[in-house]
Amino acid sequence: MSTRSWLVLVAVGVLLLLALDSFYIVNETEKAVLKRFSRVEQADIEPGIYPKVPLIDEVIRVDGRLLTHDVPTQSFLTAEKKLLNVDAFVTWRIADVQRYIVSVGAGANSGLAMERRARELLDPRVNEALRNQFASRTVQEVVAGRGGALPDEALDPSAVSSGELMNGTTSAAEEADATTSGDESAASGQPDPDAGSGPPPEKDDQREELMNSVAEEVNAATMEDLGIEVVDVRVKQVDWPEQVRGRVFDRMRAERARDAAEHRARGREVAERIRAAADRERTEILARAYEGAQKMRGEGDARATNIYANAYSKDREFFRFYRSLQAYRDSFNSSDDLLILSPDSEFFRYMKDSGSN
């Protein structure tokens with residue numbers, strides 16, 4: 001191939017490269033700025049195809065979607081001077097592209113490099129805001145979401161570590177409250193038919209207030225300095241530090257043992273009351289039954305005595321004779337019986353009379 005042909009090929013290649021570099025495309029998921037000689041000519045360019053000056057203009061693209069960043073776990077002190085390990089994440093997006101590129105870019109033209117730098121700048125701001133908020137709240141307010149909802153001595157580290165504090169998600173201490181019909185309607189996205197029948201529920205969620213305060217504090221700083229809008233900050237997990245977890249479990253065991261002893265004591269007290277009531281009722285029933293039996297027996301004896309009296313009153317001598325015979329039978333019932341009486345005793349009256357006859 002001749003030199004002229006090579007030159008033609010090179011010229012065609014250069015023209016093709018210049019043609020390809022004479023326009024740029026901004027996708028719907030991107031935000032872009034146009035720079036010329038390191039000076040921003042156009043900022044926050046809408047999605048589409050645009051022309052530019054080849055080899056002079058430079059397009060810097062960044063992700064315009066909602067981004068999520070996991071903040072490294074940090075230890076914070078509560079208002080009670082108790083140390084907690086907090087794992088959080090932040091949701092953010094680029095609001096001011098020009099300020100973002102100037103503040104975060106630091107000469108870099110790669111969107112990924114600027115995103116990594118933005119995450120590094122977000123970490124200390126989020127940690128500072130979380131530290132300030134945790135320092136003004138107790139463990140109960142941070143974990144249970146309501147002031148005084150959990151006794152500090154009974155705070156369960158496993159429940160703390162498994163309780164996700166995200167978008168109103170209940171922790172282990174509140175799972176029993178998540179079965180109401182209103183929550184089910186809200187979770188399914190369907191309107192609650194009884195929502196308008198009563199007053200609105202009282203909002204006393206300390207966690208939600210904490211998260212909103214952190215997001216507002218961080219957003220105020222990042223919007224002004226970095227051009228980043230912090231949409232939300234959420235705590236994923238709150239756990240005790242490893243060095244105090246053993247003591248917390250010991251305290252929790254002692255609390256559970258105390259609760260068990262208290263329940264047993266209450267059970268014994270209730271059992272004693274039940275036994276005492278049963279014994280009293282038994283005694284009353286027996287007393288009433290004995291009273292009824294004695295009354296019936298007395299009435300029977302009275303009737304028998306009356307019958308005997310009516311019968312014996314018809315012949316008094318026969319009655320005396322009959323009673324004497326009963327006395328003889330009872331007295332001489334055994335061969336070992338011994339009586340020392342005078343022969344002239346009234347006891348032997350009928351014996352003497354029978355002998356004379």
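The values are calculated or read from the model by the stated rules, or taken from the named source; none is laboratory data. Quick caveat, the model's predicted, so the values are computed rather than measured. As a convention, Cβ positions derive from the backbone with ideal geometry for all residues, glycine included, and neighbour counts pool all protein chains shown.
Structural remarks
- Scanning region 78-85 for any residue that is touching a Gly at 6+ places or on another chain (Cβ under 7 Å), surrounded by 17 or more Cβ atoms within 10 Å (Cβ to Cβ) and of a type in the set (Ser, Thr, Tyr) turns up nothing.
- Matching residues in region 304-318 - criterion: being in a loop (DSSP other than H, G, I, E, B) and surrounded by 10 or more Cβ atoms within 10 Å (Cβ to Cβ): 315
- Residue within region 237-256 that is more than 29 Å from the chain's Cα centre (by Cα) and under 15 Å from residue 130 (Cα atoms) present: no
To keep it simple, each residue is scored yes or no on (1) at pLDDT 80 or above; (2) within 56 Å of the chain's Cα centre (by Cα); (3) not assigned by TED's automatic domain parsing to the domain that holds residue 143.
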{"site": "11", "(1), (2), (3)": "no, no, yes"}
{"site": "25", "(1), (2), (3)": "yes, yes, yes"}
{"site": "32", "(1), (2), (3)": "yes, yes, yes"}
{"site": "40", "(1), (2), (3)": "no, yes, yes"}
{"site": "71", "(1), (2), (3)": "yes, yes, no"}
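- Some residue of region 287-294 being loosely packed, with under 10 Cβ neighbours inside 10 Å and at pLDDT 80 or above: no
- Counting the residues of region 227-260 that are surrounded by fewer than 12 Cβ atoms within 10 Å (Cβ to Cβ) and polar (S, T, N, Q) gives 1.
- Residue 51 vs. criteria surrounded by fewer than 10 Cβ atoms within 10 Å (Cβ to Cβ) and free of Cβ contacts under 8 Å to residues at least 40 places away in the same chain: yes
- In region 90-97 there is at least one residue matching the filter, namely being in contact (Cβ under 8 Å) with a residue 24 or more places away in the chain, part of a strand (DSSP E or B) and touching a His at 6+ places or on another chain (Cβ under 6 Å).
- Those residues of region 57-69 which are assigned to a strand (DSSP E or B) and touching a residue at least 40 places away in the same chain (Cβ under 8 Å), in sequence order: 58, 60, 61, 62, 63, 67, 69
- Residue match in region 88-98 (condition: at pLDDT 90 or above and among the acidic types (Asp, Glu)): no
- Residues of region 86-121 classified as in contact with a strand residue (DSSP E or B) (Cβ under 6 Å, 6 or more places away or on another chain) and over 20 Å from residue 35 (Cα atoms), total: 9
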